[in-house]
Amino acid sequence: ARDISYRKADDVPADAAHLVASGKVVGWFQGGSEYGPRALGNRSILGDARNPEMANIINKKVKHREPWRPFAASVLAERQREWFELEHPSPFMLLAAPVVKEKRKLVPSIVHVDGSCRIQSVTREQNAAYYELLAAFEKETGVPLVLNTSFNDAGEPIVETPKDALRCFLATGMDALVMGDFVIQKK
């Protein structure tokens, strides 16, 4: 068994945002699981899209999938048009759109080879905790979005229970797991 540490977070979204901003690959497990083809901020693995290596890091540490497969972004809904050429909300991460040209170099890990990205626009009403994480990340970094991929290992279903999340966290190269109001890290 691995050595892990855990602590109760005073401000869960801000703690998680700080971990992501500091380059950590973070499992984010909150509330009930989503229904549908995408992880929408309750069962997600998060990374800092500003890091040009983050997509490769997540592929190597966790997802073990083809390197050409793009990662999606979760963005504060009110900032979406500043970063993506998409007029409509995209709450279910089903739409892809070009990343605004001047912004592409700022978030290279979510920009696909054709300059596009699959987008999840997040509102406080849809998911308050996840929205607060994105807002805290923007406050810390100036960027209102994070790389978001489903919380699962290659060939596995998306985690459902806390036990699933802990097993996936321990079996992969994820750095931290934020589950409920606990932050779990590998020593």
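Only helical runs count toward this figure. For the chain, summing -39,500 (n - 2.57) over DSSP H runs of n ≥ 4 and dividing by all residues gives -6500 deg cm²/dmol at 222 nm. Cα centroids of the range 163-187 and the range 76-124: 28 Å apart.
Using a cut-off of 21 Å between Cα atoms, the listed pairs Lys105/Lys139; Lys61/Lys103; Lys60/Lys163 include Lys61/Lys103; Lys60/Lys163 as exceeding that distance. Of the options (1) 8, 29, 33, 22, 7, 1; (2) 9, 33, 32, 20, 6, 0; (3) 10, 42, 38, 10, 1, only one is P(r) over Cα pairs in 10 Å bins from 0, in percent as computed from these coordinates, and that is (3). For the chain, the carbon plus sulfur part of the accessible surface works out to 53%, probe radius 1.4 Å. A 1.4 Å probe run over the protein chains yields, for the chain, 49 Å² of accessible area per residue, whole-number rounding. Counted without the sites themselves, the longest stretch of the chain free of chymotrypsin sites (Phe, Trp or Tyr not before Pro) in a DSSP loop having at most 11 other beta carbon atoms within 10 Å is 69-187.
The values are calculated or read from the model by the stated rules, or taken from the named source; none is laboratory data. On a predicted model such as this, the values are computed, not experimentally measured, just so you know. Ideal geometry is used to build each Cβ from the backbone, glycine not excepted, and the neighbour counts take in all protein chains shown. Heavy atoms of the whole protein, side chains included, go into the accessibility calculation; ligands, DNA and RNA do not. Shrake-Rupley method; radii C 1.70, N 1.55, O 1.52, S 1.80 Å.
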